[in-house]
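The values are calculated or read from the model by the stated rules, or taken from the named source; none is laboratory data. Please read all numbers here as calculations on a predicted model, not as lab measurements. Here the Cβ positions follow ideal geometry from the backbone for every residue, glycine too, while neighbour counts run over all protein chains shown. Each accessible area value is taken on the protein alone, full model and side chains, heavy atoms only, with ligands, DNA and RNA left out. Shrake-Rupley method; radii C 1.70, N 1.55, O 1.52, S 1.80 Å.
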Amino acid sequence: MPLTSIGSVAAAKTIDISSYGAKGNDSVDDTIAFQKALDQAKNGSITIKVPAGKYYIGAPSGKTPRSLKIYSNTTLILDDNAVLYRQKSTPDKYIMETEPNTKQSNISISGGTWNGNVSNTKVAKGILSMDNSDNVKLSNIRFTNVCGTHFVLLNGIHGLCVDNCTFDGFKCFTDSLSNYTKQTSSTSYWSSEALHID
């Protein structure tokens, strides 16, 4: 299937993340709201728009800590001033990943900043992980604040386009290396690729 088929993802339904209860107000965890919107892809193609704001992800009140799951036929568009921010209390979770052991297709993510918050979590963990998927596009995204591991991990992707993405804020905690060495098997701990493709 050609990569151009990604454009068809936007055809069916467009929703705003705020319609699902996301606040983006720098104080409320928005994991549940985001996941409710992402789950709409199980019923057909969707485009999800995320307005400007700071959205904390990973630790919904009273719920098990989690990563967001993204599914087939999803277009996720973040405003330039939208930030997805990993919660301090969920250092071992990606902000977003595909469902393990399931094949996904036609996923497009663009815009905004994805912040790993490693300054507070102090754990080596990436931001985005996608496995076993077809026709994936990442564009105009800023990934920042990760330590000792990949910002983005892509395994078994067929039909991949990464366009105009930036990777910065790679933190090096040289004063307390022993605290982080156990978090990664990298032999060159501070030299992990920002974008890792297998």
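Numbers for the structure displayed
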quantity: Boolean, Val162 is among the β-branched types (Val, Ile, Thr), touching a strand residue (DSSP E or B) at 6+ places or on another chain (Cβ under 6 Å) and either within 18 Å of Asp92 (Cα to Cα) or at pLDDT below 65 (or both); calculated: no
quantity: Yes/no for Lys122 being touching a strand residue (DSSP E or B) at 6+ places or on another chain (Cβ under 6 Å) and open to solvent by 10 Å² or more (accessible area, probe 1.4 Å); calculated: no
quantity: Of all residues in the range 117-128 being farther than 10 Å from Lys93 by Cα and not aliphatic (A, V, I, L, M), the one that is modelled with the highest pLDDT; calculated: Asn117
quantity: The range 106-158, residues that are assigned to a strand (DSSP E or B), closer than 12 Å to Arg86 by Cβ and not hydroxyl-bearing (Ser, Thr, Tyr); calculated: Trp114, Asn115, Leu128, Phe143, Asn145, Val146
quantity: Any hit, the range 55-76, residues being touching a residue at least 40 places away in the same chain (Cβ under 8 Å), over 15 Å from the mean Cα position of the chain (by Cα) and open to solvent by 40 Å² or more (accessible area, probe 1.4 Å); calculated: yes
quantity: Subset of the range 10-27 (residues that are closer than 27 Å to Val118 by Cα and surrounded by 17 or more Cβ atoms within 10 Å (Cβ to Cβ)); calculated: Ile17, Ala22, Gly24
quantity: Qualifying residue in the range 81-95 (condition: assigned to a strand (DSSP E or B), among the hydroxyl-bearing types (Ser, Thr, Tyr), open to solvent by 50 Å² or more (accessible area, probe 1.4 Å) and closer than 22 Å to Val146 by Cα); calculated: no
quantity: Verdict on Ser110 being of a type outside the set (A, V, I, L, M), under 16 Å from the mean Cα position of the chain (by Cα), surrounded by fewer than 20 Cβ atoms within 10 Å (Cβ to Cβ) and farther than 26 Å from Asn25 by Cβ; calculated: no
